[in-house]
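Here the structure is laid out as structure tokens; the discussion comes afterwards.
FYI, it's all coordinate maths here, none of it is from the lab. As the structure is a prediction and not an experimental result, all values here were calculated from the model. Using ideal geometry, Cβ is built from the backbone for each residue, glycine included, and neighbour counts are taken over all protein chains shown.
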Amino acid sequence: MYRLKTVVAVAAIVAAASPAMAQKSKDTVRLAINDPFTNVSSYCIPAVEVGNFSRRVYSTLIGFDEHTQKYVPLLAKSWKRIDNTTLELELKDDIKFHNGNKFDADDIISTFAFLQDPKVKIRYKSRYGWLKNVEKLGPYKVRLHAKQPTATDLSQLAYRIQIQDAESYNTLEKPCDYGFKTPYGTGPFKVV
């Protein structure tokens, strides 16, 4: 009896750990979720399941390769530290949001303005208070100026700051309608 329970338990674990399968005929991935949500912006709904989806819909400026333990380019093709409070990022110029809008420096400025706007009420807002301002150096180049030396600035860019489409965001009446009415990101999953 003990053996049968062990075999059943192992089979259940293996089945649960298998990857989501796409329905090739419809080019669709179907996923089960526990808690339904109406918005794929983890800024506005900071729930675990929303975070899992938003990381696939939206992209960050840089990523972190956990195998090599190095930061890697995503939306930014390169970056350099100018001084202990300034990062300069060269952005990729061939990225488009799911709605066809081109990604550029204005999207970085708009995303940080959203995160720092005192009228925008989001949970964990203090996570984004380290930045003083974003300076646009060109259509695909920005400088991020921190308020003080910040040891976690690259981690923040890799894990927490998902870039929104400025053109779409600027058409909305309510800031948290981004991710609900206009869920446009640059990640591999497109919300339809």
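Details
- Summarising the overall dimensions of the stretch 38-177 from its C-alpha atoms, the Rg and Dmax are 14.4, 43 angstrom.
- Distance between the 7 Å Cα→Cβ label points at residue 119 and residue 64: 3.4 nm.
- Rg and Dmax of the stretch 139-190, based on Cα coordinates, read 13.9, 37 Å.
- For the stretch 38-177, the dipole from Cβ point charges (+1 on Lys and Arg, -1 on Asp and Glu) about the Cα centre works out to 400 debye, to the nearest 20.
- Backbone N under 19 Å from the residue 181 label point (7 Å along Cα→Cβ), restricted to the stretch 73-108: 98-101
- Average Cα contact separation per residue, the stretch 87-137, under 8 Å, 6 or more apart, as relative contact order %: 29
- Treating r as the C-beta distance of residue 82 and residue 170 and R0 as 22 Å, the FRET efficiency rounds to 0.15.
- Cα-based Lys proximity count in the stretch 94-192, under 24 Å, for pairs eight or more positions apart or on separate chains: 29
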